[in-house]
Amino acid sequence: MSPEIEGEAFEEQSFRGEDLADLRTTNCTFHACDFTNARLNASEHSGSDFANSTFENAYLFGATFEDCRLLGVDFTAATLTGVTITRGDLSLALLRNHDLSGLDLRGIKAQEADFSGSDLSDADLRGADLTRARLFNVTLRGADLREATLDGVALSEALVAGATLDLAGAAQLARSLGAELE
């Protein structure tokens, strides 16, 4: 595979165990592709669509996803250290038990994404759409959730001490703890 791919489409293709380090994709489609155990460290992706792909145990150290569609992507046990996701769509993605601390996730769309057991300490989630995201046992200490959409999120299931919330987020937290607001 060449180090740069533009406008290509891949359907249910296996990239299992492939060394794709430093790969650059622009406006590509990888629908339901398998990247299990693949090395994608320092790869750069712009406007690419990875919907329903699997990155189980993939090595994504320092990878960048800008304006990418990661809908329903499975990141089970993937190495996500230093990953950058800018204006992406992580809706329905599986991001369980990951260290996502300190990541800049401003403005991402992550509706119904499952972050259960993950550490989002000090993450920047300003303006993120976390509608109905699963935050069971998620650590949000120091996370910035101002202007984040938290509709249907059970913040009572997360560890929110030290997180920064705006008034709407504070009201959502109070509701998830059973308070009635007037």
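No value in this document is a laboratory result; all are computed from the given coordinates. Here the structure is a predicted model, which means the values were calculated and not measured. Neighbour counts run over all protein chains shown; Cβ positions are idealised from the backbone, glycine included.
Applying 1/(1 + (r/R0)^6) with r as the Cβ-Cβ distance of residue 84 and residue 171 and R0 = 35 angstrom yields a FRET efficiency of 0.70. Rounded to whole numbers, the Karplus 3J(HN,Hα) couplings from phi for the stretch 10-17 are 10, 10, 6, 8, 9, 10, 3, x Hz, using 6.51 cos²θ - 1.76 cosθ + 1.60 with θ = phi - 60°, and x at Gly and Pro. Placing one equal scatterer on every Cα of the stretch 1-89 and applying the Debye formula, the log10 ratio I(q)/I(0) at q = 0.13, 0.22, 0.23 Å⁻¹ is -0.32, -1.07, -1.20. A Cβ-based charge dipole, computed about the Cα centre of the chain with Lys and Arg at +1 and Asp and Glu at -1, lands at about 440 debye. Taking only Cα atoms, what is the 0 to 90° angle, nearest 10, from helix 167-176's long axis to the longest principal axis of the chain? Helix 167-176 sits at roughly 80 degrees to that axis.
In summary, the chain shows an alpha-carbon radius of gyration equal to 1.04 times the 2.2 N^0.38 Å reference for compact globular proteins.
A Förster radius of 25 Å, combined with the Cβ-Cβ distance separating residue 179 from residue 151, puts the computed FRET efficiency at roughly 0.90. Helices in the chain, meaning DSSP H runs of at least 4 residues, each add -39500 (n - 2.57). Divided by all residues, the mean residue ellipticity at 222 nm is -1500 deg cm²/dmol.
In a solvent-free Debye calculation with one equal scatterer on each Cα, what is log10 I(q)/I(0) for the stretch 97-182 at q = 0.11, 0.15, 0.17, 0.20 Å⁻¹, listed in the order of the q values? One equal scatterer on each Cα of the stretch 97-182 leads to -0.23, -0.44, -0.57, -0.81. Each Cα pair under 8 Å and six or more residues apart adds its separation to the average, and for the chain the resulting relative contact order is 11 percent.
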